[in-house]
Each structure stands twice: as C-alpha cells, then as structure tokens.
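Below you'll find the structure, written out as structure tokens, and then a few comments.
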Amino acid sequence: MFEVLVFVYENYWRGESCPELPQLERKLSAHGFEPDEIHDALVWLDGLNLAAQHTSLPDGSQCLPLQGADSLRVYSVAEQDRLGADCLGFISFLESAGVLPAFMREIVVDRAMALADGPVPLDALKIIVLMVYWRFGHEPDALILDELCDDTEDRLPH
C-alpha cells in the first residue's frame with residue numbers, strides 16, 4: 001500500500017491535482033500496482049480526505065481549536081502500542097520543531113491507527129506525515145522533507 005501512496009505523492013504533487021478515486025484507481029492499475037494494494041491505498045486515502053474535510057471550513061480555514069502552548073497530548077494505550085516509542089518520538093520532534101500543528105498531528109495519528117494490526121514502522125509513519133502534508137497542500141521545508149524522505153538507518157552520527 002505504501003508504494004501506491006508514494007506514487008500518488010510523487011505524481012500528484014498537490015492534493016488538488018489528484019483525480020477522483022475511481023479515476024485514480026484506473027491509473028494505478030494501468031501502472032501495474034496490485035488490486036489489493038490499490039484498494040487498501042484508496043480506502044486509506046478516502047479516510048484521509050474525510051478527516052481533512054472535518055478539520056476545515058468551506059473557505060479552507062481550520063475549524064478545530066488551536067492547541068494551547070502549555071497543553072499536552074496524552075496518547076491512549078492502544079495508540080502507544082500501535083505507534084511505539086520511535087513513532088511517538090518522531091511526532092514529538094515534528095511538533096517541537098513547529099512543523100506539525102495539532103490538527104495535523106491528530107490526522108497523522110488517526111491514519112496510523114487505520115493501518116492493519118501491528119506496530120507502525122517509522123518509515124510508514126513518515127509516509128503518513130508526507131501524505132497529510134500533501135492533502136493540505138503544505139510543502140514541508142527542505143530540512144523536514146529530508147528527514148521524512150531520507151533513510152536515516154545508514155547515517156553515521158557526528
């Protein structure tokens with residue numbers, strides 16, 4: 001499924017340029033993706049669209065209340081189990097860097113929880129974050145984009 005999402009991200013840079021799901025399904029099939037992967041990705045994208053619609057007013061402005069400076073997000077046991085320390089730490093890093101507002105964080109968590117059972121790998125979470133940015137038409141700055149796209153496993157610490 002994540003290969004399909006990456007393809008959509010790379011080929012439809014802005015979420016608005018992405019075709020409707022039935023047409024997207026045909027295009028993905030024509031590119032050789034497996035029907036099961038396409039179905040899973042389209043269901044996931046539909047959930048992303050639904051979540052995004054519930055956070056925005058018709059004029060595109062955010063309708064959810066802003067998180068206060070001294071408020072704290074407490075993750076449920078199910079979220080902790082599914083996301084694990086690496087993913088929760090990465091979400092915290094993005095929030096503390098000021099690049100993941102609370103309303104987008106909630107969509108990231110929702111879309112991560114929508115995956116099949118089992119812990120969410122950090123690489124999958126990074127794709128989820130990219131897709132949430134994509135859906136809202138936000139382009140992350142170069143350093144954050146590098147953090148989201150770069151394979152950090154082969155990096156050597158300085």
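Worth pointing out:
- Selection within region 1-49 - loosely packed, with under 12 Cβ neighbours inside 10 Å and of a type in the set (A, V, I, L, M, F, W, C): ALA30
- Some residue of region 69-76 being small (Gly, Ala, Ser) and modelled with pLDDT of 90 or more: yes
- When residues in region 125-143 are screened for being crowded, with 16+ Cβ neighbours inside 10 Å and in contact with a helix residue (DSSP H, G or I) (Cβ under 7 Å, 6 or more places away or on another chain), 12 of them pass.
- Output for region 89-138, where each listed residue is within 13 Å of the chain's Cα centre (by Cα) and of a type in the set (Asp, Glu): GLU106, ASP110, ASP123
- The number of residues in region 98-148 that are aliphatic (A, V, I, L, M), outside any helix (DSSP H, G or I) and modelled with pLDDT under 90 comes to 1.
- Hey, ILE107 without any contact (Cβ under 8 Å) to a residue 60 or more places away in the chain, more than 21 Å from MET1 (Cα to Cα) and aliphatic (A, V, I, L, M) or not: no
The values are calculated or read from the model by the stated rules, or taken from the named source; none is laboratory data. Everything quoted here is computed from the prediction, not taken from an experiment. Note that each Cβ is placed from the backbone with ideal geometry, even for glycine, and that neighbours are counted across all protein chains shown.
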